[in-house]
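Engineer: Pasting in a structure now, in structure tokens, and then I'll have a few things to ask.
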Amino acid sequence: MRGEVPDVQGRGHPRGGSKVQARVLFAVPVALIISFVVHLWAGRNRPVSEAHLYSLFLEGVLVLAVLAAVGQVWWAGLRRWLQHMWPIIAAAFLLLSVWELITSGFQLLPLPYFPGPAAVLQSLMNDSKLLFDSTWHSLILLLGGYALGVAIALVCGVCIGWFGHARYWGMPLLKIIGPIPATAWIPLAMVVSPSAVMSAVGLIALAVWFPVTMLTASGISNTRASYLDVARTLGAGRAYLIFRVAIPAAMPNIFIGLFMGLGASFLTLVVAETVGVKSGLGWYVSWAQGWAEYGKVYAALIIMAAFFSTIMTLLFKVRDRMLVWQKGVIKW
């Protein structure tokens, strides 16, 4: 259609997309003003320091929103980001308003189990150093266990998928041990492992090992015979067939396994830290719950959400870079 530009999925959008629509541009400022008004009413019975800190937070975000609205006139990248993210951010602040109305305003949920957003922000600020230290230790455990599990799983998956003898002996073991949740091995891991940290790393590696191995083996074994026949015709040896034909063909399956393993590693990390590790986000949640500091519990959950989603986003970036040929062919 004239006057429209097709996007990657074939739909058209107006050429006027170079300008941010007014309703999108003012979505976040309006949501912030609503949140501020709700906070002034709902937070009147809260401690002064807590209410003041949350007010400063809303005011700071409002200033940034106004600066972004002005800066998008000259910055095309910021303009595209605003068009995509501004409605989501506005909805997030409206949800914060609903949260504050339910907890601090009408007090429909009992304290201290359901604190308001101002109390959670206060906990974030008060325990910022401990939360940073816990996040750092969780990152070390997660990356260590995930890297170990992926390395072992790739070797196992390639061997099971390519070699008949490895498939004969490996598949029964994979079917028996793999479905057992990694957290079920915690009592045995605490006895066998020389330290709680090593047991946590091992459990995370075990959680990653099963999905990555299974999907890698599936991808390797389902490599198109035509690819292998052409490579053999051109004189390719076994190593070339494995590393230059089968593994690249199995990469979509491998990345699905990596995503599944990453989700399993998050769960195992939190559970393992609540059992034996003396630091980390899972340990922090258990410790805060023991003292009935539920504001700190929610603060740790927010850190977990940001922490895990960032790692997941980075893995998406790696996948998009390595599987760039799939763009427009396969929908994820």
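Engineer: Magnitude of the Cβ-charge dipole of the chain, K/R +1 and D/E -1, about the Cα centre, nearest 20 debye?
Structural biologist: Using only the charged Cβ atoms, the result is roughly 1220 debye.
Engineer: Let me ask you something else. Within the chain, what whole-number % of the accessible surface is contributed by carbon and sulfur, with the 1.4 Å probe and all protein chains included in the calculation?
Structural biologist: 71
Engineer: Which of these, 280, 145, 290, has the largest mean-square fluctuation under a Gaussian network model of the chain (Cα springs below 10 Å)?
Structural biologist: Sorting by GNM fluctuation, first place goes to 290.
Engineer: Could you check the spin-label model distance between residue 278 and residue 132? Points 7 Å from the Cα along Cα→Cβ, value in nm.
Structural biologist: So the two model labels end up 2.2 nm from each other.
Engineer: Okay, moving on. In nm, what is the difference between 0.36 nm times the number of residues separating residue 59 and residue 192 and their Cα-Cα distance?
Structural biologist: Taking 0.36 nm per residue and subtracting the Cα distance, the gain is 42.6 nm.
Engineer: Continuing with the same structure: Write down the accessible area per residue of the stretch 151-288 in Å², having rolled a 1.4 Å probe over the full set of protein chains.
Structural biologist: Per-residue value: 50 Å².
Engineer: A follow-up question, please. Along the charge dipole of the stretch 237-332, which of 305, 292, 316 sits closest to the positive end, that is, farthest toward it, with unit charges on the beta carbon of Lys, Arg, Asp and Glu (+1, +1, -1, -1)?
Structural biologist: 316
Engineer: Additional query: Output the DSSP H helices from the chain with an along-axis C-alpha extent of no less than 24 Å and a mean Kyte-Doolittle hydropathy no less than 0.5.
Structural biologist: Values: long enough: 48-71 (34 Å, 1.66); 76-100 (35 Å, 0.78); 128-162 (49 Å, 1.45); 196-221 (37 Å, 1.76); 247-275 (40 Å, 1.62); 294-322 (42 Å, 1.00).
Going by DSSP H runs, the hits are 48-71, 76-100, 128-162, 196-221, 247-275, 294-322.
Engineer: Enumerate lysine pairs in the chain that are 8 or more residues apart or on different chains, then count those whose Cα atoms are under 25 Å apart.
Structural biologist: Pairs that pass both the separation and distance tests number 5.
Engineer: Grab the DSSP H runs of the chain that are 4 residues or longer, score each as -39,500 (n - 2.57), total them, divide by all residues and round the 222 nm result to the nearest 500 deg cm²/dmol. Mind showing how you got there, number by number?
Structural biologist: Values: 13 runs with 238 residues, N = 332.
Dividing the helical sum by the residues of the chain leaves -24500 deg cm²/dmol.
Engineer: A follow-up question, please. Please give me, ordered by residue number, the trypsin sites (Lys or Arg not before Pro) of the stretch 125-231 that lie in loop per DSSP and have at most 12 other Cβ atoms within 10 Å.
Structural biologist: On the way: sites: 129, 167, 175, 224; in loops: 224.
Of the trypsin sites (Lys or Arg not before Pro), the ones in loops of the stretch 125-231 whose Cβ has at most 12 other Cβ atoms within 10 Å are 224.
Engineer: Give me the percent relative contact order of the chain, please, defined on Cα pairs under 8 angstrom at least 6 residues apart.
Structural biologist: Computed over the chain, the figure is 18 percent.
Engineer: Calculate, for the stretch 27-81, the solvent-accessible area per residue in square angstrom, rolling a 1.4 angstrom probe over the heavy atoms of the protein chains.
Structural biologist: Working: 3250 Å² over 55 residues.
Solvent-accessible surface per residue comes out at 59 Å².
Engineer: As an exercise, use a Förster radius of 51 Å and the Cβ-Cβ distance of residue 316 and residue 111 to find the FRET efficiency, rounded to the nearest 0.05.
Structural biologist: My answer for the efficiency is 0.85.
The values are calculated or read from the model by the stated rules, or taken from the named source; none is laboratory data. This one's a predicted model, so the numbers in the text were calculated from it and none came from an experiment. As a convention, Cβ positions derive from the backbone with ideal geometry for all residues, glycine included, and neighbour counts pool all protein chains shown. The accessibility values were calculated without ligands, DNA or RNA, using every heavy atom of the protein model including side chains. Shrake-Rupley method; radii C 1.70, N 1.55, O 1.52, S 1.80 Å.
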